[in-house]
Amino acid sequence: MLLLLLLLTRPAPAFAAAPYRILDPLAVPAQGDPAAAVLTLARPAKIPRIDCELVIAGGGPGGVAAALAGARGGLHVCLTEPTRWLGGQMTSQGVSALDENRWIETTGATRTYLELRARIRAAYAGSLKPEARAGHVNPGRCWVSALCFEPEVAVDVLDRMLAPYRANHTLRVLLRTAPVAAARAGNRLAALVVYGFEDRRFTELRGKIFIDATELGDLLPLAGAGFRTGAESRAQTGEPDAPAAADPAALQSFTYPFVLARGAAPGIAVRRPADYESARRQFRFVIDYGQGRLLRYAMFARLPGTPGSFWDYRRLIDAEQFAGRAESLSMINWPGNDVCDPGFLSDDPLSAARALQHGKQVALGFAWWIQHEAPRDEGGAGYPELAFQTGVLGTADGLSQYPYIREARRMAALRIVREQDVAEPWQAGARAAPFDDTAAIGSYPIDIHGCGPHQPLPRSKPYQVPFGALISRDVPNLLAAAKNIGATHITNGAYRLHPTEWAIGEAGGWLAVYALRLRRDPREIVSVHQTLRGLQWRLLREGHPLLWFDDLAPSDPAFAATQFASLDGLLPIDPATLHSRPHPEP
């Protein structure tokens with residue numbers, strides 16, 4: 001009774017004054033006035049309220065993994081997502097060609113991420129020819145990834161993975177919904193006001209722990225949490241390859257992918273954008289890898305020195321593998337449709353809308369160039385037989401619902417991961433720097449799609465993600481679970497890909513579970529050895545690796561015990577290899 005009385009008499013959170021100006025990213029037109037996507041909203045006197053234990057803004061890989069972990073841990077979870085699809089970069093952003101690591105089939109990801117991949121493959125099993133079902137199924141037989149597929153297949157798989165928790169009302173998902181305001185109680189985040197673009201309604205989400213899994217780190221400014229954008233200076237981070245002066249506008253490019261079909265009926269006609277000539281210089285099949293290394297690709301042929309053709313690069317469907325399917329599909333995410341326009345991260349929604357429209361214009365210009373001016377392998381110009389598709393990405397204009405985002409606002413976290421923590425020159429042995437508060441593992445090159453002169457960067461090693469990088473320095477109940485963690489401009493280039501983002505979100509979800517069950521703040525959990533190890537043991541029991549071993553899959557009966565014993569050195573780690581066990585000499 002006393003608890004109920006306290007809840008009833010607790011003062012309502014105080015939100016920033018309305019009206020709110022927000023951007024509906026799906027309403028940005030490829031042509032016409034971008035202001036049509038900017039909404040000016042007055043807050044009604046009464047707003048429906050939902051009480052959650054864990055509130056997650058953003059339904060990309062990190063947000064979905066956090067929601068799955070929170071629900072599995074018994075929390076009442078609310079998850080918002082501004083697009084029509086959960087999945088972020090692998091679905092609504094169009095990049096359904098997973099950027100992974102060479103151990104991904106066994107040891108390079110969490111059990112739930114491996115389950116996601118297995119379910120995507122299983123969805124195609126009935127339609128593939130028998131020979132295509134052997135080994136590791138890759139519907140697109142692309143060369144950039146071990147798994148390329150149609151994004152709607154991943155949407156369905158994610159929905160099925162979350163369905164039991166939605167059915168028992170543990171999880172509530174609000175699609176086409178974005179945060180517009182936040183309220184704090186002291187230094188803690190107390191509630192969000194979110195707006196539904198389809199039903200045109202506000203909702204207040206009250207929670208105990210909040211996770212920012214948005215693509216741009218949207219909760220950070222709303223919550224009054226510290227953050228950085230762009231490139232830090234060498235003095236700020238101590239990174240040898242950081243610039244001498246900080247440049248907050250030095251953001252990576254963003255991209256609107258699109259899909260072309262080969263062997264299909266004609267798609268929609270792509271109109272030549274009005275500003276086509278301003279972007280035409282970037283439309284080519286040549287990639288600049290820096291230091292004078294230019295590599296030319298052909299459309300369908302594999303040229304010497306290349307790993308494959310332009311068409312096969314991110315091909316989603318290879319018709320030759322399927323029984324009764326005529327068309328092959330290729331998703332186009334290439335320097336030709338990369339866009340350098342820092343306005344996408346602007347606090348002004350109209351500036352952001354203009355940047356996104358710019359991105360759409362460049363993407364459509366690249367599609368027009370491919371159909372009309374691209375050099376043909378056999379001579380001549382243009383590939384009019386490649387049909388521009390509108391149904392694959394769930395949009396009328398054929399472009400992804402949301403641009404593929406490579407860089408966001410980055411949280412001022414308890415720990416900032418620097419270049420020296422992950423890169424070869426400063427880390428001896430097989431692994432990157434160890435963190436006692438390791439939350440996840442990942443591996444990917446420091447891949448920065450920069451907007452200035454190409455800067456060579458050192459190679460990364462298989463790395464850990466520390467819990468400290470997920471926890472706000474300023475708002476104790478705010479966590480990050482996407483490209484907004486405590487990384488630098490440089491290390492974000494290695495952390496920003498599909499399996500790492502999923503692992504970060506999963507770790508954040510379980511941290512929320514543990515913190516709420518023990519009634520402590522996340523920073524208290526990870527700063528005390530006993531509770532940190534308790535949380536890490538729970539993650540390991542869930543098949544979530546914390547240390548890099550290339551011979552110890554989450555399905556191995558010894559997985560959790562071996563990883564846990566290695567955390568405190570009870571089982572020595574071989575610094576020269578990624579092995580957990582001695583391997584015979586070849």
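The values are calculated or read from the model by the stated rules, or taken from the named source; none is laboratory data. Only a predicted model underlies this, so the values are computations on that prediction, with no experimental measurement involved. Cβ: placed from backbone, ideal geometry, glycine included. Neighbour counts: every protein chain shown. The area values use the complete protein model at the heavy-atom level, side chains included, leaving out ligands, DNA and RNA. Shrake-Rupley method; radii C 1.70, N 1.55, O 1.52, S 1.80 Å.
A compact table of results
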| item | result |
| --- | --- |
| Label-point gap, in nm, between residue 134 and residue 579 - each point 7 angstrom along Cα→Cβ | 3.0 |
| Globularity index of the range 8-96, i.e. its alpha-carbon radius of gyration over 2.2 N^0.38 Å | 1.38 |
| The range 115-238: translational diffusion in µm²/s, Stokes-Einstein, Kirkwood Rh over Cα pairs, 37 °C, 0.692 mPa s | 177 |
| Rounded percent of accessible protein surface that carbon and sulfur make up, the chain, 1.4 Å probe | 53 |
| Label point distance in nm, residue 42-residue 163, each placed 7 Å from Cα along Cα→Cβ | 4.4 |
| Expected 222 nm ellipticity per residue - DSSP helices of 4 or more, -39500 (n - 2.57), all of the chain, to 500 | -7500 deg cm²/dmol |
| Net length gained if the chain between residue 16 and residue 280 were fully extended (0.36 nm per residue, minus Cα distance) | 90.7 nm |
| The range 12-157: C-alpha gyration tensor shape, a/c 1.5 cut-off, then a/b vs b/c | oblate |
| Antiparallel %, DSSP beta bridges [both residues in the chain], to 5 | 70 |
| Euclidean distance between Cα centres, the range 204-255 to the range 449-476, Å | 11 |
| Sequence of 454, 579, 169, 489 from largest to smallest accessible area, 1.4 Å probe | 169, 454, 579, 489 |
| Probe 1.4 Å, accessible area per residue of the chain, Å² | 39 |
| Cα centroid separation - the range 99-169 against the range 316-336, whole Å | 16 |
| Pairwise label distance in nanometres, residue 323 with residue 236, each label 7 Å out on the Cα-Cβ vector | 5.8 |
| Shape category assigned to the range 249-340 from the gyration tensor of Cα positions, a/c cut at 1.5 | oblate |
| Residue 165 accessible area, 1.4 Å probe, all protein chains in place, Å² to nearest 10 | 40 |
| Heavy-atom accessible area ranking, 1.4 Å probe, most first, across 56, 448 | 448, 56 |
| Principal axis dimensions, largest first and in whole angstrom, of the range 392-539 by Cα | 47, 46, 27 |
| Average Cα contact separation per residue, the range 387-453, under 8 Å, 6 or more apart, as relative contact order % | 12 |
| Radius, Kirkwood style, for the chain when every pair of distinct Cα atoms is counted (Å) | 24.5 |
| Kirkwood hydrodynamic radius over Cα pairs of the range 483-542, then Stokes diffusion coefficient at 10 °C and 1.306 mPa s, in µm²/s | 127 |
